[in-house]
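The values are calculated or read from the model by the stated rules, or taken from the named source; none is laboratory data. Keep in mind that this is a model prediction, so the values were computed, not measured. Every residue, glycine as well, gets a Cβ built from its backbone with ideal geometry; the counts of neighbours run over all protein chains shown. With ligands, DNA and RNA removed, areas are computed over all heavy atoms of the protein, side chains included. Shrake-Rupley method; radii C 1.70, N 1.55, O 1.52, S 1.80 Å.
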Amino acid sequence: MAKEPAMKLIDLKKDIGKKQIIKGLTFEINPGEVFGFLGPNGAGKTTTIRMMVGLMKISEGDVLIKGSSIKSDYKNAIQHVGAIVENPEMYPFMSGWKNLLHYARMMPGITEERIKEVVSLVGLEKAIHEKAGRYSLGMRQRLGIAQALLHRPSVLILDEPTNGLDPHGIREIRQYIRTLAEKENVAVIVSSHLLSEIEMMCDRIGIIKNGELVAIETVKALTKTEEDRIHIEAVPLDRANELLRQTLQLEPTMEGENIKLTAKREEIPSIVKCLVEGQVDVFGVQVQRSTLEDKFLDVIGENAIE
Amino acid sequence: MSNFFRLVFNEQVKLYARKSTWIMFGILAAIILGVAIFGKTVGNFDEDQYGDDWRQQLEQENAEIAEGSSEEEVANHWGIEENNYYLDNDIKPLEYDAWQFVVDNAMLSSLLSLFTIIVAAGIIAHEFRWGTVKLLLIRPVARTKILFAKYTSVLLFALTSLVFLLVFSWITGAIFFGINGANPLLVIQSQNDYTQIAAWAEMGRSYGLRLVNLVMMATFAFMISSIFRNSGLAIGFAIFLMMAGNSIIGFFMEYDWAKYILFANTNLEQYYRGTPLIEGMSLSFSIGVLIVYYIIFMVLSWLFFTKRDVAGH
């Protein structure tokens, strides 16, 4: 039997009034995968997430969670999902523990042991009996993740999960998300508007812009060993070309005032050194961005909300 | 069913975890105590002490009232009518006691209406204001079930506060004024006459009838809360209508359809004491109108809660 995707979006659309704000999203997320949902603010990330969990009606298309449609088989679909939508808002007048108990009562078969387990997983043991209203944003984020994990979901949806966390907290969450995906085979969907953040924890990234998916890329393809395209402005060009070919066995091409070549990032200092020692004047070195970053910055660049 | 019970339990936990709920009970207790202290000291609730010569005392009272009043006034004076009822039926007036105090405190049920409106208005709107609605609605529970758990919780609050009002009034009344037996016969005004009724029956009747108004206004506030997701609006609207209800009827009195206005029908007391507000109205007519309004309120609450998107702020 082929591996069933944990979540499947089929030509998902959302109209609000006459305007279509989500214009047909189709992609799958597999068990054990961390999927980054990336896009500028206003691109439709949260709207898509709201449709995934049934908070908003789907205008067209469908979302299947472990094969069950969120539209027609809501209960079966949603029971596999744990989520934070936007900010992790809790009842401020109740303790973290009582907040968790409240959600535990809404789902079958959650024991007190499980709640304790989840609390220690997110590292909230010390503050769990304090009122949630006194929590910092980082603590609320942890409590939010705790409530999403109570029922051991197969799909975990986290909307901007590192929002408000300090660098230490961000690293913890990141490691924790990786562990969940790798050890418990959970499919994790993480939304963010920051590429740098998502690059570090995701296996695949989908970029959304104005309600459309503009790219889906595997993160492994852009690890740091990948070669960058480098432009060097140097005088005299011929000599630079010769030096690079002979000393460093590179294959540069000449283009106007520039030399173009591909090399690993860590080779750049030795290239510059070689040129300088060979009496070539270097006026500039430019490293071109990787393809995903290109795409993402194109999207971010024209951050116009339609 | 146990599932539904747990949802109602959740709502009750959230309700009583908030200070404002306890403040409401505190206010209620303070007012009951205040009324009792006022009655004992300034108000002279228990000034009439009737001995074996109670017939003479009543005659005396009537004479005192008659003095300085015109004949017409005397004929319609409630005090004289009441005293005459005692004399005609040979009933010795009872001293003011806990039972009488409880019956008199039925007027405080309008305060209960106010509190229940506040609770009903907040129970949906607050979830939206706090943002917790998003976490509440992504559980394997149908929205309809959550809505009815919330509504049940409102009714449970109304019932709890009513029981609190009754019990606290009785205890306070017992301490301040004493008790005349387990179920004494009270004399009350009914239609244009007086009648004798058992304390339990009178309590059940007057509180029960006021409960109708309370439930209708709470359901109305619940509906506004569901439609606009704003507790301030729901509280304001419901209280305004509760206060302005009589003026609204007065304003439209001359029209035929005035009797279909909700507020013309919420006070079922009108069929027991005095005459109906508008001619042609009867108890069964009012009950019919109330049921229609109730269904409309519930259906609108349900439609807006279950069918509408939970969008951003």
**Q.** Failed criterion for A:VAL34 (all others in (1) surrounded by fewer than 19 Cβ atoms within 10 Å (Cβ to Cβ); (2) within 17 Å of the chain's Cα centre (by Cα) hold)
**A.** (1)
Q: Answer with yes or no whether A:ASN99 is at pLDDT below 90 and touching a Leu at 6+ places or on another chain (Cβ under 9 Å).
A: no
Q: Tell me which residues, restricted to the range B:98-141, are in contact (Cβ under 8 Å) with a residue 40 or more places away in the chain, within 12 Å of chain A (Cβ to nearest Cβ) and of a type in the set (A, V, I, L, M).
A: B:VAL133, B:LEU137, B:VAL141
Q: Search the range A:108-131 for residues being closer than 26 Å to B:LYS150 by Cβ and crowded, with 18+ Cβ neighbours inside 10 Å, and hand back the single one that is farthest from the other protein chains (Cβ to nearest Cβ).
A: A:ILE115
Q: Within the range B:148-174, count every residue that is touching a residue at least 40 places away in the same chain (Cβ under 8 Å) and either more than 23 Å from the chain's Cα centre (by Cα) or within 30 Å of B:TYR294 (Cβ to Cβ) (or both).
A: 18
**Q.** Test for A:GLY138: is it part of a helix (DSSP H, G or I) and within 23 Å of the chain's Cα centre (by Cα)
**A.** yes
Q. Looking at the range A:89-99, which of its residues are in contact (Cβ under 8 Å) with a residue 24 or more places away in the chain and at the interface with chain B (Cβ under 8 Å from one of its Cβ atoms)?
A. A:GLU89, A:MET90, A:TYR91, A:PRO92, A:PHE93, A:MET94
Q. Within the range A:46-66, restricting attention to residues that are open to solvent by less than 10 Å² (accessible area, probe 1.4 Å), of a type outside the set (Ser, Thr, Tyr) and out of contact with any His (no Cβ under 6 Å at 6 or more places or on another chain), which residue is farthest from the other protein chains (Cβ to nearest Cβ)?
A. A:VAL63
Q) Restricting attention to the range B:152-174, does a residue exist that is at pLDDT below 90, open to solvent by less than 10 Å² (accessible area, probe 1.4 Å) and not acidic (Asp, Glu)? A) yes
Q | Among (1) at the interface with chain B (Cβ under 7 Å from one of its Cβ atoms); (2) touching a helix residue (DSSP H, G or I) at 6+ places or on another chain (Cβ under 6 Å); (3) open to solvent by less than 40 Å² (accessible area, probe 1.4 Å), the one test that A:ARG105 misses | A | (3)
